[in-house]
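Notes for the one structure printed next.
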Ligand SMILES: Cc1ncc(C[n+]2csc(CCOP(=O)(O)OP(=O)(O)O)c2C)c(N)n1
Ligand code: SF4
Ligand SMILES: [Mg+2]
């Protein structure tokens, strides 16, 4: 298949189109606007919907309304907009409405650094909305992966009936690389499970299937039912029954777990590694170069590159923290995912994260220097 | 229901402060007489959570009656609401019903309508929901002329959260967050929405339900953004805090333009003198604006638009 030289944000929009997205609602914000601009050109001629809403709260509301109408729907934004979307992300999780939200990360907090890269929204993706929200967040590390993980985001959203976030930084968003725009197979597209029985007054829209996913139909297809952001029972009716509510929250957490197997990490020179770098997104590229630098110097370094931020890819993290002498989580923030790795790996190995917030990408040399320093101090020897 | 029977209904008092869960503060109503509109009720959701005497119940019943005159079953009508006592009523309709977030029902409704232009979409909102937290969405939905009907239940207060100040509360009125009397001026919802570009704007009262039914049906028939503001009463908070009498007193007070009723009410000690504050002014009712321009779905050339 031939390659095309395209930008990360374009790859995202192309991936969405390939994934069957027929509805986009959004609000302009750097560094994500190219996604909206491309879809504004591409969707209407296909009979699909593009709408620029009055803000990100409205964008997310429109996406959810469209999704309930049966559309594969998405929005794209950056940190400040992602913040405004949080209430409706919580709504989508609880009401089990599929949708894809792309967050092209820039420096924050607040208006921050509008056109500089950052990885500061990792915890926002996890805990930005109130309550215990189970969630899925993907982290592509190159332009090709922006394309394929956008398709995967739609598959996960539709099959698990949940919002899926795709997080990448400004550099990946604006970087151009050769990309193969493959057509997804039906399996790669996935689809919502439809209710098994015809409508009757005892129909249960929130009855879970064997995977713990509610089987609600689209609006206006002969099924009459209620959707609410209140805690609800299988009828979709509000309930404050403590047992039912606890079960619902537990089921929503369990149902996103298949994402761990679906989006496995990439292992680079890990076989005999005593120093394991853990990175995602743009940092994983420089971390890979750092591994090569360190190997040349005789330090047995390796890289665990995760493409899934949430739910936490626990098996892979546990594995490397059991085998390595030193684990270095490198990320462009003041320490977010590193805290999760610490929580998982705590005690099993030495952890020395390399953190950098401020608007520039962590370089391979910086990262290698960090490991060298630790090696000199005797933290990790090989 | 007569005034007497209302008094005899054992009330459980106002809903607890803070948002009432599923049925908190709810009252088991006596079995209503068989009626056409009952067919459109979602009986499994009963008992409902409205307080006895609440104007929302009166408006809701009128809405159902109007719908029953038109639809045997509500398979192709979706109801979208925000958060508030008013917004809760959609859950009691046997249709596709979407109880969204506070202030945002029009955003969900816009997405749903664009996704499925062939569906009829009705939004139910409150004065807090639609004019305060959701005010921006309201004017933008009107500007876009999305083909849907929005009914705003205006009780001039935040009922659900325990009677706080709303952007519709009249000057001088007492609420739990304006204990010295409201210092602010209210929005005129109908005029606001008209200025924003709505193509059908009407105002009704819970006192005149037949007129409301008529205005609501005309709104359903209208192509484009249709808006019906309906004045209702929160008896538990607005009525009690301002010592305006019970549900029936409040209801009749809406009819003060009728001399006989005004004279009758004048003798009641519970009711405030019409010219004193805080008593809301008598507003212009009926169709306030009607015009025609392409709907958003038509302008976007979506298939199914205008059907
Ligand atoms: C984001 C958010 N803020 C505040 C609330 C609390 N809240 C629930 S209903 C409501 C006011 C409802 O007032 P209105 O729309 O007038 O409805 P009413 O109860 O008077 O019919 C508020 C402030 C909420 N649910 N969500
Ligand atoms: S609006 Fe007032 S009277 Fe009506 S249900 Fe709510 S609190 Fe009760
Ligand atoms: Mg109100």
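Each value in this text was obtained by applying a stated rule to the coordinates, not by laboratory testing. Predicted model, so just to flag it, every value in this text is computed and none were measured. Neighbour counts run over all protein chains shown; Cβ positions are idealised from the backbone, glycine included.
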*Quick one: in region B:134-147, of everything that is out of contact with any helix residue (DSSP H, G or I) (no Cβ under 6 Å at 6 or more places or on another chain) and assigned to a helix (DSSP H, G or I), which residue is nearest to ligand 1 (Cβ to nearest atom)?*
B:135
_Scope region B:151-184; condition within 10 Å of ligand 1 (Cβ to nearest atom), more than 16 Å from the chain's Cα centre (by Cα) and either within 14 Å of chain A (Cβ to nearest Cβ) or without any contact (Cβ under 8 Å) to a residue 40 or more places away in the chain (or both); matching residues_ = B:164
*Any residue in region A:68-75 that is out of contact with any strand residue (DSSP E or B) (no Cβ under 8 Å at 6 or more places or on another chain) and more than 9 Å from chain B (Cβ to nearest Cβ)?*
no
*Within region B:210-263, restricting attention to residues that are within 16 Å of ligand 1 (Cβ to nearest atom) and assigned to a strand (DSSP E or B), which residue is surrounded by the most Cβ atoms within 10 Å (Cβ to Cβ)?*
B:227
*asked:* I'm told residue A:106 meets every condition in (1) within 14 Å of another protein chain (Cβ to nearest Cβ); (2) in contact with a strand residue (DSSP E or B) (Cβ under 7 Å, 6 or more places away or on another chain) except one. Can you identify the failing condition by its number?
replied: (1)
*Restricting region B:134-150 to residues that are within 16 Å of ligand 3 (Cβ to nearest atom) and surrounded by 24 or more Cβ atoms within 10 Å (Cβ to Cβ), the residue that is farthest from the other protein chains (Cβ to nearest Cβ)*: B:150
*Pick from region A:8-57, criterion farther than 22 Å from residue B:297 by Cβ and outside any helix (DSSP H, G or I), ranking: farthest from the other protein chains (Cβ to nearest Cβ)*: A:31
*Test residue B:163 against the criterion of being within 15 Å of ligand 3 (Cβ to nearest atom) and on the phi > 0 side of the Ramachandran plot, and give yes or no.*
yes
_If residue B:79 satisfies all but one of (1) in contact with a strand residue (DSSP E or B) (Cβ under 6 Å, 6 or more places away or on another chain); (2) within 9 Å of another protein chain (Cβ to nearest Cβ); (3) within 26 Å of residue B:304 (Cα to Cα), what's the number of the condition it fails?_
(2)
_Contacts under 7 angstrom Cβ, first residue in region A:279-293 being surrounded by fewer than 24 Cβ atoms within 10 Å (Cβ to Cβ), partner assigned to a helix (DSSP H, G or I), 6 or more apart_ = A:286/A:364; A:286/A:367; A:289/A:364; A:293/A:364; A:293/A:368
*Tell me, which strands (runs of 3 or more DSSP E) lie completely within region B:52-133 with 2 or more residues that are more than 16 Å from ligand 3 (Cβ to nearest atom) and surrounded by fewer than 24 Cβ atoms within 10 Å (Cβ to Cβ)?*
B:74-81
*Given the conditions (1) more than 11 Å from ligand 1 (Cβ to nearest atom); (2) free of Cβ contacts under 8 Å to residues at least 60 places away in the same chain; (3) more than 25 Å from residue B:194 (Cβ to Cβ), which single one is not true for residue B:118?*
(2)
*Say whether the condition of being touching a residue at least 24 places away in the same chain (Cβ under 8 Å), in contact with a helix residue (DSSP H, G or I) (Cβ under 6 Å, 6 or more places away or on another chain) and farther than 24 Å from residue A:208 by Cβ is met by at least one residue in region A:255-264.*
no
